[in-house]
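Below: the structure, in structure tokens.
The values are calculated or read from the model by the stated rules, or taken from the named source; none is laboratory data. Please read all numbers here as calculations on a predicted model, not as lab measurements. Every residue, glycine among them, receives a Cβ derived from its backbone with ideal geometry; neighbour counts consider all protein chains shown. Side chains are part of the model used for accessible areas, which takes the heavy atoms of the whole protein and leaves out ligands, DNA and RNA. Shrake-Rupley method; radii C 1.70, N 1.55, O 1.52, S 1.80 Å.
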Amino acid sequence: MSSTTPPPATPVIVDEHRVGSDAPFFAMLGVIGGVYVLLLLGLLLADVSYMVNSDSADAVELSPTLEPWRPVLRPVLPILEVLRQPPIQYSIKLTLVSCLFTALLSLIVAVPIGYLLSHFRFPGRNLLDALLDIPIVLPPLVVGLSLLILFQFAPFSSISEWVVFEIPAVILAQFMVAAAFAVRTMRATFDQIDTRLEDIALTLGCTRAQAFGMVVLPQARQGMLTAGTLAWARAMGEFGPLLIFAGATRNKTEVLSTTVYFEFSIANLEGAVAVSLIMVFAAIIVLIIARVWGSKNITI
Amino acid sequence: MRRDTEFVLTSRPGAVNSLYLFAVIVLLVLLGLGWVLVDMGAVQTKSGDELFMYCAAGMRVPIEKIAADYEHEFGVPVRVTYDGSNTLLSTITAHQKGDLYLAADDFYINQAQDSGLVQEMLPLATMRPVIAVAQGNPKNIQSLDDLFRDGVKTALGNPEQAAVGKMTKKLLVDSGDWEKLSAHVTETGVFEPTVPAVANAVKVGAIDAGIIWDTTAKIIPGLDYIAVPELDPGISEVTLGVLTSSKQPTAALHFARYVAAREKGLPVFSQGGWEVVDGDVWSDRPELTFYCGSVNRRAVEPVLEAFQKREGVVVNTVYNGCGILTGQMRTIVDQDQGKGFPDTYMACDVYYLDTVKEMFQDAVNVSDTEVVIAVQKGNPKNIASLQDLTKPGMRVSVGQPRQCTIGVLTKQLLEKEGVYDGVMDNVVTQTTTSALLVPTVATGSLDATLAYATDTLAEGDKIDVVRIESPAGKAVQPFSIARSSDQKYLSRRLYTAISRSKDQFEEAGFHWRLDDVIGIEGAEQLPGSQGTDFLDPPAKISPPQ
């Protein structure tokens, strides 16, 4: 070994090309995304803390055994109080049933349209595609107004007595918007299903209906669940069209979104926030269902 | 063996076409949900006919209570849909269905009536704009000027969207503060689309002061309010309208009367902080006593019939000569309707109403008719003027001036034309009402009579008419409501019904006078708008006698 051998230059080179830390990048992502997430959480927390601080929590009567827990129960008490009112119970029931009804109707429409759009090329396909987006881009009020106007014309006018300002109007107003979202989801679902298996089924002698029902549909199960829950959630959030087309008649066509509006309009903020929180809980539960059992990779 | 293999190949056990499975399950669930929905909807209609009402959202609390009371008492459910007054108006316009519309401000109900959407209007309560502040008035706001202070954030209703905003703008333009305040609010405050939005902004502390209705300020906990002179004149009326689209107007009016009755609906409003009108006394089937000069009978009768049918009320009409009617009025102790004193009176001429005017609110002149000479068919005696009636041998009938208006008018006319004594020499008979005059000539008994032109129409085949060119020969029919009536609002609606029957009056030969007031300043004050002494303003603009 010669003592004159120069020291290897590699450490210097390694030093120059050392990969920098990823921390700033992720910090930036975290900050930008975090602001929005925090804002979202802040909204919900503000609602809860408003309930905690509202006087209405003191007004609720509690059984003696529960009385010591009042400080803990404060955010829930106004909600319990609201739940005790028969019109609100009716509103909740109508919301749940009508949204489920709407979701199923939306699926019935969304499955065939989604399948058609995804698998087939036919004249007017692009036009149909654009048409289906109309309820998504239109202001909801326009949908309600248009429905109201539609039912002034024959043949709709002959059944308008049983529809307008009645429960069917609630379903129809929800359906017009919710179905558009379900169609988008189902189309994305069918887009992701490989047509090979279906083609093989056809070559093996299946009819179109058999191939669709036995091969395609089972694969679309998760997508259908997602489409259904999205339609359900959209129906629950429906408000403008309902107000115009179904009215907000107590014990008849009042759903939770209209309840919030009217509690607000008589300046009963506690009531409005309490009902809002009920809706938030319902939405969270449904969206969790969609995430756990639904399709993980479908977006619209 | 071979058959079995084939079977397995074409139809594997357990393999189900999920399309059909899906269809069956969805159908079953939909049926189940549909049944629940039908059941929810059916509950509403089991109890029979129901009423449908559009109601301003701010009135929800009292209306819910009144509707519940009404259903309990009469078994008729009232379904109410709530929204902003202006939005509801658009909905009614588009839908053309429903029975009632309660607007938070009479601006909208007047608009609805102008567009033919509302038939009857029942005022319920009044309200005026005030400055609302958070409880305890932390910014110590005492006057309109305080809103201009630095650090005071103010919310106003948008004049294009909210009635309170429209009213605020009008009042402050009048007081000269609008330019400055709207600039200040644009800079530091906010314009909101609805009253509750302004109130909520003040309540949660986002805004220091807001101009809202005093009624709203009273019912919202956590708000104080200050009345200021600039805003005080802005009285607005909460008004309930019956829609022309209603298929059950009688039922709708029954409920409307209930809401506006002083023992039924109105106390609920006043408990909620509203300043209510005096209202009518409640009665399931109210009865109006209507004294009517006999000249009006032909025009008024069909109107009364339709009015009674639509309102579901009874109008006891007494037709007679006005002297007799006013004589009766004076004999009724304490102007007591129970003892027969009229709620309303439509005289043959203003002359007789003047004799009892202290008992009545100011009147509106509805119509007028000329006094003419009725002669036998073909005019065998060649009568061409009043002068001819003084000829010797003429046989004439006139009304008795102490008992009927035509008698008074005839006397005034003849005196004015300077032929009184000459004609009276030829008078063979004097009748107690105008209705008896024309038959004296139509039957050929007499040569001439001085009668209302309207009374001669029906006998056109038996008599001829000679017109008298004299301004004195005209009877003007005024309509008025008794001060003592406890059915003033129902009487007002009777007036409204009469005021819409121009055709009937013209067919009966009257000249219609209500057109004359249209276009005159103050015509918007016509009955049905503001105040309770409703007949006052039109009287001021009636053409002079």
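Here are the numbers for this structure:
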| item | result |
| --- | --- |
| Cross-link pairs B:Lys139/B:Lys170; B:Lys264/B:Lys309; B:Lys391/B:Lys411; B:Lys309/B:Lys339; A:Lys252/B:Lys309 - those with Cα-Cα distance over 29 Å | A:Lys252/B:Lys309 |
| The range B:415-517: C-alpha gyration tensor shape, a/c 1.5 cut-off, then a/b vs b/c | prolate |
| Accessible area in the full protein assembly, largest first, 1.4 Å probe, for A:Thr207, B:Thr289 | A:Thr207, B:Thr289 |
| Rounded to 10°, Cα long-axis angle of helix B:163-175 versus longest principal axis of chain B | 60 |
| DSSP beta bridges in the protein assembly as shown [antiparallel fraction, %, rounded to 5] | 60 |
| Within 10 Å of each Cβ in B:22-29, the average number of Cβ atoms from other chains | 3 |
| Using alpha-carbon coordinates, inclination of helix B:178-188 to the longest axis of chain B, degrees | 10 |
| Given chain A, longest segment not containing exposed loop trypsin sites (Lys or Arg not before Pro) (DSSP; at most 16 other Cβ within 10 Å) | A:122-295 |
| Shape of the range B:370-471, Cα gyration tensor, a/c cut at 1.5 | rounded |
| Degrees, to the nearest 10: B:405-416 long Cα axis against longest axis of chain B | 50 |
| Charge dipole of the range B:370-471 about the Cα centre (unit charges at C-beta), most positive-ward option of B:Leu389, B:Val466, B:Leu446 | B:Leu446 |
| At 1.002 mPa s and 20 °C, Stokes D of chain B from Kirkwood alpha-carbon radius, µm² per second | 78 |
| For the protein assembly as shown: span of alpha carbons on each principal axis (Å, largest first) | 167, 85, 61 |
| Rule-of-thumb Rg ratio for chain A [Cα; 2.2 N^0.38 Å; N residues] | 1.42 |
| Solvent-accessible area per residue for the range B:312-410 (1.4 angstrom probe, square angstrom) | 37 |
| Heavy-atom surface of the range A:191-300, accessible at 1.4 Å and reported per residue (Å²) | 42 |
| Neighbourhood net charge (11 Å Cβ-Cβ; Lys/Arg +1, Asp/Glu -1) for A:Ala248 | +2 |
| Cα centroid of the range A:259-289 to Cα centroid of the range B:413-474, whole Å | 78 |
| Exposure of B:Met424 as accessible area (Å², to 10), given a probe of 1.4 Å and all protein chains | 50 |
| Carbon/sulfur fraction of accessible area - chain B, other protein chains in place, 1.4 Å, % | 52 |
| Relative contact order, percent, the range B:370-471 [alpha-carbon distance under 8 Å, six or more residues apart] | 45 |
| Residue order for B:Tyr351, B:Tyr54 - accessible surface, 1.4 angstrom probe, largest first | B:Tyr351, B:Tyr54 |
| Förster radius 56 Å - calculated FRET efficiency between B:Asn382 and B:Asp334 (Cβ-Cβ, nearest 0.05) | 0.55 |
| Inter-label distance for A:Ile149 and B:Leu27, nm, one decimal - labels placed 7 Å from Cα along Cα-to-Cβ | 3.7 |
| Cα-based shape type of the range B:129-234, given that a ≥ b ≥ c are square roots of the gyration tensor eigenvalues and the cut on a/c is 1.5 | rounded |
| Three semi-axes of the equivalent ellipsoid, the range B:312-431, Cα gyration tensor, whole Å, largest first | 34, 14, 13 |
| 1.4 Å probe, heavy atoms, protein only - residues of the range A:236-281 losing at least 40 Å² accessible area vs chain alone | A:Thr249, A:Arg250, A:Lys252, A:Phe262, A:Phe264, A:Ser265, A:Ile266, A:Ala267, A:Leu269 |
| Area buried, chain B against chain A - accessible surface, total, 1.4 angstrom probe, square angstrom | 3700 |
| A:Ser276, B:Ser491, B:Ser270, A:Ser21, reordered so the largest accessible area comes first (probe 1.4 Å) | A:Ser21, B:Ser270, A:Ser276, B:Ser491 |
